[in-house]
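Q: Here it is: the structure, laid out below.
The values are calculated or read from the model by the stated rules, or taken from the named source; none is laboratory data. Just so you know, these numbers come straight off a predicted model, no measurement behind them. Reconstructed Cβ throughout: ideal geometry from the backbone, glycine too, with neighbour counts over all protein chains shown.
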Amino acid sequence: MKPLDEIKPQQSLELLKELHILTRDGKINQDSRRKLKQVYHLYQFIEPILTEVSCDGLPFHLIDHGSGKSYLGFILYDLFIKLTQGRVTSIEINEKLVNQAEALAKKLEFTRMDFVHSDVEGSLNHVSGDIDIVTALHACDTATDDAITFGIKKNAKWIIVIPCCQAEIARHLKKQKTKSLHMPISELWRHPLHTREIGSHLTNVLRCLQLESQGYQVTVTELVGWEHSMKNEIIIAKFIGQKNNKSKSRIKNILDEFQLQELQSKFLCE
Ligand SMILES: C[S@@+](CC[C@H](N)C(=O)[O-])C[C@H]1O[C@@H](n2cnc3c(N)ncnc32)[C@H](O)[C@@H]1O
């Protein structure tokens, strides 16, 4: 990947100040330099995808779920999307953050940024038309799963998620603990810390299989330099249209192995 300079010529200094990357007097300190490096690192994964979806010069649409302050949407818009016909829609459950981000976009005249106050699941009804890219950066717990389902249902060309903590599978493993005690494999989730870790890992494995079963080619990699977060796995899925039945049966087998049959409809998109 090619290195990026600290501040790109097209970047809005006002945005960088609003995001506290630059100080009010336009300086960059050690902390913000690190933050900027992390943002660029993530951008380097997304830039080739933006290049691909915008290469025909036509409009395209990126949806960012669990957007918080819309940090990711603003950076992508400022670095790339504002020079194209692309649009960004941020979906966020916290109304105050939605209003703040909307006001900032208006101030910066980022006219092709929209903000929707909704949970990810409900947003299916708020967003119409074709979707090119779905992102979810540390969207809490099952919001990442909802973002994946959203992308699949909307036939997104690309789905990019950096999962946050996930508690749902750990909850199910805990519930089934007594039933699974006779199985040697249950040692993997005997201690609460291991239950949480294996729950989280298992979730990401199932998410990848789900994406493959629905016609996506999946890459899993690490966001290095992302020291401020333990959650640094990035899952990049590209729609290739070939549904993978082997992945489907693997989902069933894994759920059986871990006594998690209750979650079949979720990961099999039934
Ligand atoms: C850890 S923050 C990440 C924010 C942002 N993506 C970022 O990386 O800066 C998670 C955000 O997801 C939002 N969120 C959690 N569950 C959600 C849901 N089901 N639907 C929409 N937003 C959700 C929270 O309100 C919060 O703003």
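Q: Just for the stretch 211-254: of the residues that are part of a helix (DSSP H, G or I) and touching a residue at least 40 places away in the same chain (Cβ under 8 Å), which one is nearest to Ile162 (Cα to Cα)?
A: Just the residues of the stretch 211-254 that are part of a helix (DSSP H, G or I), to begin with: 211-213, 245-254.
Now drop any that are not touching a residue at least 40 places away in the same chain (Cβ under 8 Å), which leaves 211, 213, 250-251, 254.
Values: Leu211: 14, Ser213: 20, Arg250: 23, Ile251: 21, Ile254: 22 Å.
In this case the residue turns out to be Leu211.
Q: Looking at this structure, is Val53 at pLDDT 95 or above, within 15 Å of the chain's Cα centre (by Cα) and more than 12 Å from the ligand (Cβ to nearest atom)?
A: Numbers: at pLDDT 95 or above: yes; within 15 Å of the chain's Cα centre (by Cα): no; more than 12 Å from the ligand (Cβ to nearest atom): yes.
Taking the combined requirement at face value, the residue does not satisfy it.
Q: Mind telling me which of the residues Thr89, Thr23 ends up being surrounded by 12 or more Cβ atoms within 10 Å (Cβ to Cβ) and touching a residue at least 24 places away in the same chain (Cβ under 8 Å)?
A: Details: Thr23 fails: touching a residue at least 24 places away in the same chain (Cβ under 8 Å).
Being surrounded by 12 or more Cβ atoms within 10 Å (Cβ to Cβ) and touching a residue at least 24 places away in the same chain (Cβ under 8 Å) holds for just one of Thr89, Thr23, which is Thr89.
Q: Here are the criteria: (1) surrounded by fewer than 18 Cβ atoms within 10 Å (Cβ to Cβ); (2) modelled with pLDDT of 95 or more; (3) within 26 Å of Leu79 (Cβ to Cβ). Tell me which single one Gly129 does not satisfy.
A: It is condition (2) that Gly129 fails.
Q: Moving to a separate point now. Looking only at the stretch 102-114, count how many residues are within 23 Å of Gly151 (Cα to Cα) and buried (at least 20 other Cβ atoms within 10 Å of the Cβ).
A: 1
Q: Hey, can you tell me all the residues within the stretch 26-62 that are in a loop (DSSP other than H, G, I, E, B) and either in contact with a helix residue (DSSP H, G or I) (Cβ under 9 Å, 6 or more places away or on another chain) or not assigned by TED's automatic domain parsing to the domain that holds Gln85 (or both)? First the steps, then the outcome.
A: The initial filter retains those residues of the stretch 26-62 that are in a loop (DSSP other than H, G, I, E, B), namely 26-29, 55-60.
Gly26, Ile28, Phe60, listed by residue number.
Q: Grab the helices (runs of 4 or more DSSP H) fully contained in the stretch 63-157, keeping just those with 3 or more residues being over 30 Å from His172 (Cα atoms) and within 12 Å of the ligand (Cβ to nearest atom). Can you show your working first?
A: On the way: elements: 71-79, 95-108, 143-153.
Fully inside the stretch 63-157 and qualifying: 71-79, 95-108.
Q: Is it the case that Asn94 is in contact with a strand residue (DSSP E or B) (Cβ under 9 Å, 6 or more places away or on another chain) and either aromatic (Phe, Trp, Tyr) or surrounded by fewer than 19 Cβ atoms within 10 Å (Cβ to Cβ) (or both)? Even if it seems obvious, please write down each step before you answer.
A: On the way: in contact with a strand residue (DSSP E or B) (Cβ under 9 Å, 6 or more places away or on another chain): yes; either aromatic (Phe, Trp, Tyr) or surrounded by fewer than 19 Cβ atoms within 10 Å (Cβ to Cβ) (or both): yes.
Yes.
Q: For the stretch 141-152, state whether one or more residues are at pLDDT below 90 and either among the hydrophobic types (A, V, I, L, M, F, W, C) or in contact with a helix residue (DSSP H, G or I) (Cβ under 9 Å, 6 or more places away or on another chain) (or both). Steps first, please.
A: We begin by selecting, within the stretch 141-152, every residue at pLDDT below 90; these are 141.
Those still in the list that are either among the hydrophobic types (A, V, I, L, M, F, W, C) or in contact with a helix residue (DSSP H, G or I) (Cβ under 9 Å, 6 or more places away or on another chain) (or both) too: 141.
Yes, there is a match, as at least one residue in the stretch 141-152 is at pLDDT below 90 and either among the hydrophobic types (A, V, I, L, M, F, W, C) or in contact with a helix residue (DSSP H, G or I) (Cβ under 9 Å, 6 or more places away or on another chain) (or both).
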